[in-house]
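Q: Dropping the structure in here first, questions after.
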Amino acid sequence: MAEEKQADTEILSGVGKMAGEKQGDAVILAIESSCDETAAAVVRNGREVLSNIISSQIDLHTLYGGVVPEIASRKHIERINQVIEESLAEAGMALEDMDAIAVTYGPGLVGALLVGVAEAKAIAYAAGKPLIGVHHIEGHISANYIENKELKPPFLCLVVSGGHTHLVKVKDYGVYEILGRTRDDAAGEAFDKVARAIGLGYPGGPKIEKAAREGNSRAIAFPRAKVAEHPYDFSFSGVKSAVLNYINGSRMKNIPIVEADIAASFQQAVTDVLIEHAMAAAEEFQIDQFAIAGGVASNQTLRSGMEVACRERGIKFYHPSQIFCTDNAAMIGAAAYYEYLAGKFAGWDLNAMPNLKLGER
């Protein structure tokens, strides 16, 4: 066992040394399986996507009103080899052409993460390629590099998704300072719960946005929460509870419930808080570049509101296309490129870390 471990260490140090010495383009095969999308991508130099294959399970989980972790893990096992093969074929490249293998190792659903991590380790070991572990939130932030070639740190980024709401100061590639985060529900989680409450179903974000187009965003005065002494932190459980109380109160009093008005008013309440916190941070830290990322970043009300707020303050506004907002492997490849340049490679003991914090290793 000791001899095998020493051999593994020698292999790892060897591929790491080769990667550090390599000049020219770096092509990375990236794998993402943190939730219910099985994805693989081939990315060159962190900003050129040669392929981006995503196998979604959304139709399956819609039957249950949300993601079922055990089902998600099984579907990842069924699809991951096919997705990787499709990604390499679309890029017109082979595994031998890759300079490194990257994979999301946290945060996320532990079973889902384990599938991707095990696959990446096996491929990297067999092919003699360096292995790079990527933080899921870092991937979302890095999605902005793909279509915005001029974007470079420092900048502020608001990450809003079903599992995360973070306001992050990107000091350099791979160097982050979290200015604020949610104290309870993530923004996307609140969207899902409110959508379920008013009978729209799963996934909540797109359904709330669609219903809101027919509603009055000022019809109902839902609260905009602030966290005392932590001006950049978020809290969305209060507005979610306010929606539930409004629905229950209306039913008890036989007051007609207009779903579109509820959706629009709720969406506006969440958007107002996100924009207010983001712009306050941009002004305090005097940063003239601002980006959004994550699944909720595809919400057009948030995008347009943030764009107007940035323009009024002379701040350059960046956002990924919708395909790079939701979970995908191209963003993981973008983040992995800067880890590759820094020589930050993972060992064969890389494991899934479902509660991994941004900045941890």
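The values are calculated or read from the model by the stated rules, or taken from the named source; none is laboratory data. Treat the numbers as computed from the prediction; the structure is a model and nothing was measured. As a convention, Cβ positions derive from the backbone with ideal geometry for all residues, glycine included, and neighbour counts pool all protein chains shown.
Q: Filtering segment 184-202 down to residues that are charged (D, E, K, R) and in contact with a strand residue (DSSP E or B) (Cβ under 9 Å, 6 or more places away or on another chain), which residue is farthest from residue 299 (Cα to Cα)?
A: For segment 184-202, the residue satisfying everything is 184.
Q: In addition: Inside segment 19-58, can you point out the residues that are within 17 Å of residue 346 (Cα to Cα), touching a Lys or Arg at 6+ places or on another chain (Cβ under 9 Å) and at pLDDT below 95?
A: Result: 19, single match.
Q: Tell me which residues, restricted to segment 109-121, are of a type in the set (Gly, Ala, Ser) and either touching a helix residue (DSSP H, G or I) at 6+ places or on another chain (Cβ under 6 Å) or surrounded by fewer than 19 Cβ atoms within 10 Å (Cβ to Cβ) (or both).
A: Within segment 109-121, 111, 112, 118 qualify.
Q: Continuing with this model, one more query. Taking the options 162, 188, 215, 201, name whichever one is part of a loop (DSSP other than H, G, I, E, B) and surrounded by 22 or more Cβ atoms within 10 Å (Cβ to Cβ).
A: 162
Q: Within 18 Å of residue 341 (Cβ to Cβ) and either in contact (Cβ under 8 Å) with a residue 40 or more places away in the chain or under 15 Å from the mean Cα position of the chain (by Cα) (or both): which single residue out of 132, 137 fits that description?
A: Result: 132 is the single residue among 132, 137 that is within 18 Å of residue 341 (Cβ to Cβ) and either in contact (Cβ under 8 Å) with a residue 40 or more places away in the chain or under 15 Å from the mean Cα position of the chain (by Cα) (or both).
Q: Inspect segment 236-258 for any residue being within 24 Å of the chain's Cα centre (by Cα), in contact (Cβ under 8 Å) with a residue 24 or more places away in the chain and part of a loop (DSSP other than H, G, I, E, B) and give the result as yes or no.
A: Yes, because at least one residue in segment 236-258 is within 24 Å of the chain's Cα centre (by Cα), in contact (Cβ under 8 Å) with a residue 24 or more places away in the chain and part of a loop (DSSP other than H, G, I, E, B).
Q: For segment 70-105, give me each residue that is crowded, with 16+ Cβ neighbours inside 10 Å, farther than 18 Å from residue 123 by Cβ and not β-branched (Val, Ile, Thr).
A: Residues satisfying the conditions are 72, 73, 75.
To keep it simple, each residue is scored yes or no on (1) assigned to a strand (DSSP E or B); (2) in contact with a strand residue (DSSP E or B) (Cβ under 8 Å, 6 or more places away or on another chain).
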{"site": "272", "(1), (2)": "no, no"}
{"site": "276", "(1), (2)": "no, no"}
{"site": "284", "(1), (2)": "no, no"}
{"site": "290", "(1), (2)": "yes, yes"}
{"site": "303", "(1), (2)": "no, yes"}
{"site": "308", "(1), (2)": "no, no"}
{"site": "311", "(1), (2)": "no, yes"}
{"site": "335", "(1), (2)": "no, yes"}
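Q: Need the failing condition index for residue 161 against (1) over 21 Å from residue 344 (Cα atoms); (2) out of contact with any Cys (no Cβ under 9 Å at 6 or more places or on another chain), just the number.
A: (2)
Q: Separate question: Take the residues in segment 292-301 that are among the small types (Gly, Ala, Ser) and not in a helix (DSSP H, G or I), then tell me which one is nearest to the chain's Cα centre (by Cα).
A: 294
Q: Applying the selection to segment 37-57, what residues are surrounded by fewer than 17 Cβ atoms within 10 Å (Cβ to Cβ) and under 16 Å from the mean Cα position of the chain (by Cα)?
A: 56 - this is the single residue of segment 37-57 that is surrounded by fewer than 17 Cβ atoms within 10 Å (Cβ to Cβ) and under 16 Å from the mean Cα position of the chain (by Cα).
Q: Of the residues that make up segment 191-199, is at least one under 18 Å from residue 135 (Cβ atoms) and among the aromatic types (Phe, Trp, Tyr)?
A: Scanning segment 191-199, I find no residue that is under 18 Å from residue 135 (Cβ atoms) and among the aromatic types (Phe, Trp, Tyr), so the answer is no.
Q: From the list 162, 201, 174, which residue is on the phi > 0 side of the Ramachandran plot, at pLDDT below 90 and not aromatic (Phe, Trp, Tyr)?
A: 201
Q: Follow-up question, since we're still on this one. Part of a helix (DSSP H, G or I), assigned by TED's automatic domain parsing to the domain that holds residue 35 and surrounded by fewer than 17 Cβ atoms within 10 Å (Cβ to Cβ): does that describe residue 138?
A: No.
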